[in-house]
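Note sheet for the following structure.
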Amino acid sequence: MLLILHRHFVPNLTIGAPVIESLRKHTKAYLDCHLMVTNPLDYVESFGRAGASGFTFHVEVSKDNWQELIQRIKAKGMRPGVALKPGTPIEEVYPLVEDENPVEMVLVMTVEPGFGGQKFMPEMMDKVRTLRKKYPSLDIEVDGGLGPSTIDMAAAAGANCIVAGSSVFGAPEPAKVISLLRKSVEEAPKNS
Ligand SMILES: O=C(CO)[C@@H](O)[C@H](O)COP(=O)(O)O
């Protein structure tokens, strides 16, 4: 399950730690939290306490403190991830993946962060392919415009974690869309 906190970094506010705390009382599901905020360090403590499983911060706002962020996220029992916006070069995440205390997931945004329902950017697949070739066992997530018509492209490029909003919640049978997305990832020929 993916939960998103938008604040400052993007012009939209969604959900925060209290929602995670409420959900955690009812589920053992992996709660994957993507914090589109300019000050992620300020949220590590509360998200950890609330029961978040993954904590993904943006590389664009963490140039000076990503090592401290990773260390604090892990200390709170969460998996650290780093996200990058469409305009950010993929090279910017390499140091975070190659550090002796690395992030455990890279999230390649396939839309400009901020709002659901946008059009998937196929040109972001170059970033996914590059990452998959360089780091064969890394978790690579894609977010934005994923659904039945775009999943095969993302899966073939090497993405293995899929964020899908509109295509699932807007479907008459959401479970069928989820199965289709999962099947595509499981069966994809990598790096085609
Ligand atoms: O929130 C964002 C981007 O900030 C969205 O990308 C959602 O996370 C996914 O929504 P869809 O694109 O699947 O509607």
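List residues of region 96-116, by number, whose backbone nitrogen lies under 20 Å from a label position 7 Å along Cα→C-beta of residue 67.
Label zone hits: 96-105.
Just the number, please: carbon plus sulfur as a percent of the accessible area of the chain, 1.4 Å probe, no ligands or DNA/RNA counted.
Accessible surface attributable to carbon and sulfur in the chain totals 54 percent.
Given a cut-off of 25 Å, name the pairs among 85/134; 25/127; 63/127; 127/176; 76/119; 127/183 whose C-alpha atoms lie farther apart than that in the structure shown.
From the list (85/134; 25/127; 63/127; 127/176; 76/119; 127/183), the Cα-Cα distance tops 25 Å for 25/127; 127/176; 76/119.
Farthest toward the dipole's positive end in region 17-187, which of 17, 158, 37, given Cβ charges of +1 (Lys, Arg) and -1 (Asp, Glu) about the Cα centre?
Working it through, the farthest residue towards the positive pole turns out to be 17.
What FRET efficiency comes out for the pair residue 149/residue 24, r = Cβ-Cβ distance, R0 = 25 Å, nearest 0.05?
Computed FRET efficiency for residue 149 and residue 24 comes out at 0.15.
Pick out which of 40, 113, 136 has the largest mean-square fluctuation in a Gaussian network model of the chain, springs linking Cα atoms closer than 10 Å.
136
Region 17-187: Rg/Rh from Cα coordinates, Kirkwood Rh?
Looking at region 17-187, the ratio lands at 0.95.
Calculate one ³J(HN,Hα) per residue across region 150-167 by plugging θ = phi - 60° into the Karplus curve 6.51 cos²θ - 1.76 cosθ + 1.60, and present them in order as whole Hz with x for glycine and proline.
Whole-Hz 3J(HN,Hα) from phi for region 150-167: 10, 4, 5, 5, 5, 5, 5, 6, x, 6, 10, 10, 10, 9, 9, x, 4, 5.
Please identify the chymotrypsin sites (Phe, Trp or Tyr not before Pro) of region 21-97 that satisfy two criteria: DSSP loop assignment and at most 12 other Cβ atoms within 10 Å. Which are they?
30
So, with +1 on the Cβ of K and R and -1 on the Cβ of D and E, and no other charges, what is the size of the charge dipole of the chain about its Cα centre, to the nearest 20 debye?
Dipole magnitude for the chain comes out near 500 debye.
Where the centroid of each part is defined by its Cα atoms, how far is region 150-180 from region 14-75 in Å?
Distance between centres, Cα-based: 23 Å.
Counting heavy atoms of the protein chains only and a 1.4 Å probe, report the per residue accessible area for region 17-187 as a whole number of Å².
Counting only protein heavy atoms, the per-residue value for region 17-187 is 47 Å².
Which of the trypsin sites (Lys or Arg not before Pro) across region 113-156 are loop residues per DSSP, with 15 or fewer other Cβ within 10 Å?
119
Relative contact order (percent) for the chain, with alpha-carbon contacts under 8 angstrom and 6 or more residues of separation?
Rounded, it is 14 percent for the chain.
Over region 43-141, consider all pairs of different Cα atoms and compute the Kirkwood hydrodynamic radius from their mean reciprocal separation; express it in Å, one decimal.
14.0
The values are calculated or read from the model by the stated rules, or taken from the named source; none is laboratory data. Computed from a prediction, not measured in an experiment: that's the story for all the values here. So basically every Cβ, Gly included, is an ideal-geometry build from the backbone, and we count neighbours across all protein chains shown. Protein only, heavy atoms only, side chains kept; ligands, DNA and RNA dropped before computing areas. Shrake-Rupley method; radii C 1.70, N 1.55, O 1.52, S 1.80 Å.
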